[in-house]
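Read the structure below first, then the notes.
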Amino acid sequence: MRKITFLFTCFLFLQPVQSQTIISRDPEISKMVEEVSREKIEQHVRKLVSFHTRHNMSLQNDPSKGIGAAWNWIKSEMEKSIPASDGRLEVKFEEYTVGGEGQRIPMETNLKNVVATLKGTDPGDDRKILISAHLDSRAALDADNTGFAPGANDDGSGVAAILELVRIMSVRKFPATMVFMAVSGEEHGLYGARHMAAKAKEEEWNIIAMLNNDMIGNSGSSETLLNDNMRVRVFSEGVPAFETGEMAARRKATSGENDGRARQLARYIKEIGKRYVDQLEVTLVFRNDRFGRGGDHSPFCQQGYPAVRICEFNENYDRTHKIPSIVNGIQEGDLPEYVDYEYVRKNAGVNLATMANLALAPCEPVNCEIVTGRLTNSTTLRWETPLKGSKPAGYYVLLRETYQPLWERKIFVTGNEITLPYSKDNYFFGIQSADEAGHESIPVFPGPVRRQ
Ligand SMILES: [Zn+2]
């Protein structure tokens, strides 16, 4: 008899029938989340602001001012973790050239991304988990490369969070590889991220998740005066930016427009965030980004990778892309005193827990199928064991009604097939690999097969 355990995903500490499938906090991941330091995040943000501007056309060779001083400092901060990593952490500049006559950067300019790679411990596991923030800043005008552009929240908050994750995670071992990126060029057209996404495609990186953190520290809105540091947004595309004819046909056949890889990743972040970070609700936004705005996850989506944007719930437009000054009694400008560091700490924790849980989980199941060849009120699902990495202890089969945004049930299965008394017409399904401790992969949406 196949062993089956029914679980509801809405409880943190579940006591399932099979003891090996308990979904609870992994104490080691909890410890890492607790280690995220609000004080260190604030120090990092203030240091980034001290460079006066990190504009893409600002100074590159001044020791204390301009974008060059910023990327040098970020690199040296990341390098501090190399000794404790046992040689697994590598920190490099990724250089690229942008600009030219008539472009937003009107002359040819060499820019640098800072990339820290924490090599996975399993040589048979080629998965990469990426996290990114942008190191450049800007004030009001595109071309103003000398005015004060503190960029404390946009995106000092994201870079500071990543520096904390490098410090905390580099001393731990994970089977999969983590890539921590502080990219340049965002404010003038996502250039740094475009460079990385193209490189990843060219080198055939197996990216299973890309988390773009851009503005994760502002808790109060301008105009509507909302104040909330207990909610964070995760933006994810619905219909993928990269979609072949075959993918489109399958999406239409399954009504799978709400089940692309970025959307599965977003749901995963919500579940893991809830599991590990208190007093924070991960709110899913079912669109790729905000109106008229872009982010560094988009070039990765365009290359076919699952990528999302993590962003504060409320934005303050008096702060973003403004020269610091008092206008009509309101302080404008993206200054460090307006960053909510406790909020950044919690948001960093969501990223950390997601990356750690994912890196510890087995690879996703492969060839996941839903049998559609029979008229029946039950549903048969099949999948195969992943060929790479450690063998899963079992699988979670997820289901939800078709109008529901989030998975409603989580069922543990030890085999590679299950027939459930739920109609395939009335529910959506997903399949995750899991290890003995319950670390689970991102769900895979099964493809329809007519054979029985
Ligand atoms: Zn930004």
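The values are calculated or read from the model by the stated rules, or taken from the named source; none is laboratory data. Model, not experiment: these values are computed from the prediction. FYI the Cβ positions are ideal-geometry reconstructions off the backbone, even for glycines, and counts take in every protein chain you see.
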(message) For the stretch 140-149, give me each residue that is part of a loop (DSSP other than H, G, I, E, B) and either without any contact (Cβ under 8 Å) to a residue 40 or more places away in the chain or within 13 Å of the ligand (Cβ to nearest atom) (or both).
(response) Leu141
(request) Filter the stretch 194-215 down to residues that are touching an Asp or Glu at 6+ places or on another chain (Cβ under 6 Å) and within 23 Å of Phe313 (Cα to Cα) and give me whichever is farthest from the ligand (Cβ to nearest atom). (result) Asn212
(message) I'm checking my understanding of the structure. Among residues of the stretch 253-296 that are in contact with a helix residue (DSSP H, G or I) (Cβ under 6 Å, 6 or more places away or on another chain) and not in a loop (DSSP other than H, G, I, E, B), which one is surrounded by the most Cβ atoms within 10 Å (Cβ to Cβ)?
(response) Ile269
(request) Please name all residue pairs, on different chains or six or more residues apart, with Cβ atoms under 8 Å, provided the first residue is in the stretch 89-112 and is hydroxyl-bearing (Ser, Thr, Tyr) and the second residue is assigned to a loop (DSSP other than H, G, I, E, B). (result) Tyr96/Gly185; Thr97/Glu108; Thr109/Asn56; Thr109/Met57; Thr109/Gly99
(message) What's the total number of residues in the stretch 106-149 that are surrounded by fewer than 20 Cβ atoms within 10 Å (Cβ to Cβ) and of a type in the set (A, V, I, L, M, F, W, C)?
(response) 5
(request) May I ask you to say which residue of Asn206, Asn213 is of a type outside the set (A, V, I, L, M, F, W, C), surrounded by fewer than 24 Cβ atoms within 10 Å (Cβ to Cβ), farther than 20 Å from Ser85 by Cβ and within 17 Å of the chain's Cα centre (by Cα)? (result) Asn206
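Would you say Val159 is within 29 Å of Lys31 (Cβ to Cβ) and buried (at least 24 other Cβ atoms within 10 Å of the Cβ)? I'd like the intermediate steps shown before the answer.
Numbers: within 29 Å of Lys31 (Cβ to Cβ): yes; buried (at least 24 other Cβ atoms within 10 Å of the Cβ): yes.
When the stated conditions are applied, Val159 passes them.
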(request) Mind listing whichever residues of the stretch 206-243 are closer than 25 Å to Phe300 by Cα and aliphatic (A, V, I, L, M)? (result) Ile207, Ile208, Ala209, Met210, Leu211, Met215, Ile216, Val232, Val234, Val239, Ala241
(request) Restricting attention to strands (runs of 3 or more DSSP E) lying wholly within the stretch 346-433, give those where 2 or more residues are among the basic types (Lys, Arg). (result) 409-413
(request) Can you work out which of the residues in the stretch 373-389 that are hydroxyl-bearing (Ser, Thr, Tyr) and surrounded by fewer than 18 Cβ atoms within 10 Å (Cβ to Cβ) is modelled with the lowest pLDDT? (result) Thr376
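Before we move on, is Met181 at pLDDT 95 or above, within 16 Å of the ligand (Cβ to nearest atom) and among the hydrophobic types (A, V, I, L, M, F, W, C)?
So Met181 passes the test.
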(message) Which numbered condition in (1) within 16 Å of the ligand (Cβ to nearest atom); (2) touching a helix residue (DSSP H, G or I) at 6+ places or on another chain (Cβ under 9 Å); (3) closer than 18 Å to Ala348 by Cβ; (4) outside any loop (DSSP other than H, G, I, E, B) is the only one that Leu163 fails?
(response) (1)
(request) Please state which of the following conditions Ala152 fails to meet, knowing it meets all the rest: (1) more than 21 Å from Ala307 (Cα to Cα); (2) away from the ligand (no atom under 16 Å from the Cβ); (3) hydrophobic (A, V, I, L, M, F, W, C). (result) (2)
(request) Run Ile326 past the list (1) away from the ligand (no atom under 16 Å from the Cβ); (2) at pLDDT 95 or above; (3) assigned to a strand (DSSP E or B); (4) not aromatic (Phe, Trp, Tyr) and report the number of the one that doesn't hold. (result) (2)
(message) Which count do you get for residues in the stretch 84-138 that are within 16 Å of the ligand (Cβ to nearest atom) and of a type in the set (D, E, K, R)?
(response) 3
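Condition first: more than 13 Å from the ligand (Cβ to nearest atom) and farther than 28 Å from Asp26 by Cβ. Now tell me which residues in the stretch 286-304 satisfy that. Explain how you work it out, then say what you get.
In the first step, residues of the stretch 286-304 are kept if they are more than 13 Å from the ligand (Cβ to nearest atom); the result is 286-288, 291-292, 299-304.
Passing the criteria: Phe286, Arg287, Asn288, Phe291, Gly292, Pro299, Cys301, Gln302, Gln303, Gly304.
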